[in-house]
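Student: The structure that follows is given in the form of structure tokens.
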């Protein structure tokens, strides 16, 4: 099952790891190697807060959707320069 999960995660258009373990890091790295496929790193605090507000009825579905998109607009993985650590 893990191998199937790995293959599906590699081939999908977008990858959103929900648990930051070794598998998620390996899949993210492999996707970057294959050409920087879209990976979205969740802001879990924002997600929980927005879901709570939506369930309480203080956010409409449209505002919830827009807020979720805004919270993750700058959290998409992509090419970055490697940091060079002295020593």
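Only the coordinates and a few stated rules stand behind these numbers; no lab work does. Keep in mind it's a predicted model, so treat the numbers as computed, not measured. Here Cβ is always computed from backbone atoms with ideal geometry, including for glycine, and neighbour counts include all displayed protein chains.
Student: Report, by residue number, each residue of segment 6-25 that is part of a helix (DSSP H, G or I) and in contact with a helix residue (DSSP H, G or I) (Cβ under 8 Å, 6 or more places away or on another chain).
Tutor: Of everything in segment 6-25, those that are part of a helix (DSSP H, G or I) and in contact with a helix residue (DSSP H, G or I) (Cβ under 8 Å, 6 or more places away or on another chain) turn out to be 6, 9, 10, 23.
Student: Still on this model: Which condition breaks for residue 23 when tested against (1) loosely packed, with under 10 Cβ neighbours inside 10 Å; (2) farther than 22 Å from residue 74 by Cα; (3) within 14 Å of the chain's Cα centre (by Cα)?
Tutor: For residue 23, the exception is condition (1).
Student: Quickly run through segment 26-44 and pick out the residues that are in contact with a helix residue (DSSP H, G or I) (Cβ under 9 Å, 6 or more places away or on another chain) and loosely packed, with under 12 Cβ neighbours inside 10 Å.
Tutor: Listed by number, the list holds a single entry, 34.
Student: State all residues of segment 27-61 that are closer than 27 Å to residue 8 by Cβ, part of a loop (DSSP other than H, G, I, E, B) and without any contact (Cβ under 8 Å) to a residue 40 or more places away in the chain; if no residue qualifies, say none.
Tutor: 34, 35, 37, 41, 42, 43, listed by residue number.
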